[in-house]
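Below: one structure, written as structure tokens.
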Amino acid sequence: MIRLSWMVTVALVLCLALVGCSGKTASTTPGESTHGVKQDEPTATVPPEESPAIPVEGANEKAALAAVPSALAAGLEMRKGTGQPEPDIAGIDPTFTAYLVSAVTDNTLVLFEVRADSVAYPLYNPTTPADANTVLKQDASLNSGAILADPASDAEKAAVAASKAVMDATFPGKSFTVKIMGYRFEYLKDGAPVLRLEVNPDGGVISVGN
């Protein structure tokens, strides 16, 4: 099933609110929390390897990878319908590069992406690890159409734990619902993404783009 409208809304809000939508990742500095939680001072970042791969080992990750061909076909049709050119991804296998994580407390939604470094970043802004100063708080109704999954693999649990650590620092004393929202696959050429495809836990398209 293809469910795009809620994600498009969230993405637009994020891109307007954040300083750019960079495709680069960042690593934590020595002495910093492995979950990127640091509130007292700005966090310095060091660019790591571009879009490093996450091993596809868990059952949910394998199911997401298996859904990529049909999701890709649907996503390319969406792009064609908006007049976008078809990207040249012939001979390129998809690389799993990030978990998408949804965290909700009361009526507040926060979205994260967790890459191979196991650090939680604000979704679509992986330049500085997420903390109480950088998370984007949104109305939870934006997530009402999302398909979410409980973490099953160790890597999924680590992604949720990284996101929860940020939520604990941002909303002290609150309880949260933190779940896996999706899986990002990138078609990389010379280390740079030619196409990015995000699928939800039932294999539907969340977003497709460059």
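Read-outs: derived from the displayed coordinates by stated rules, not from any lab. Nothing here was measured: the structure is a model prediction, and the numbers come from that model. We place every Cβ from the backbone using ideal geometry, glycine too, and count neighbours over all the protein chains shown.
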**OP:** First check a/c for region 102-186, with a ≥ b ≥ c the square roots of the eigenvalues of its C-alpha gyration tensor; if it is under 1.5, answer rounded, and if not, answer prolate when a/b is larger than b/c or oblate otherwise.
**Re:** rounded
Subject >> Full-extension gain in nm, ASP168 to SER141, via 0.36 nm per residue minus C-alpha separation >> reply: 7.6 nm
Original post:
Count the lysine pairs in region 74-210 that are 8 or more places apart or on different chains: how many have C-alpha atoms under 22 angstrom apart?
Top reply: 8
Subject >> Length gained when the stretch ASP154-ALA90 is fully extended (0.36 nm per residue, less Cα-Cα span) >> reply: 19.8 nm
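At a threshold of 8 angstrom on Cα-Cα distance, excluding pairs fewer than six apart, so keeping six or more, what relative contact order does region 59-210 reach in percent? Walk me through the numbers on the way to the answer.
On the way: 283 pairs, mean separation 46.7, N = 152.
The value is 31 percent.
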Original post:
Given a cut-off of under 8 Å on Cα pairs at least six residues apart, what relative contact order in percent is computed for region 152-210?
Top reply: 21 percent
Original post:
Three principal axis extents, largest first, for the C-alpha atoms of region 59-210, in Å?
Top reply: 50, 29, 29
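Once you have the Cα-Cα distance between ASP190 and ARG79, take 0.36 nm times their residue separation minus that, and quote the gain in nm to one decimal. Write down the numbers at each step before the final one.
On the way: separation 111, 0.36 × 111 = 39.96 nm, distance 2.32 nm.
Full extension of this stretch gives 37.6 nm more.
Run through region 138-191 and list the trypsin sites (Lys or Arg not before Pro) located in a DSSP loop whose Cβ has at most 14 other Cβ atoms within 10 Å.
Details: sites: LYS157, LYS164, LYS174, LYS179, ARG184, LYS189; in loops: LYS174.
Here the trypsin sites (Lys or Arg not before Pro) that fit, given the DSSP loop and packing criteria, are LYS174.
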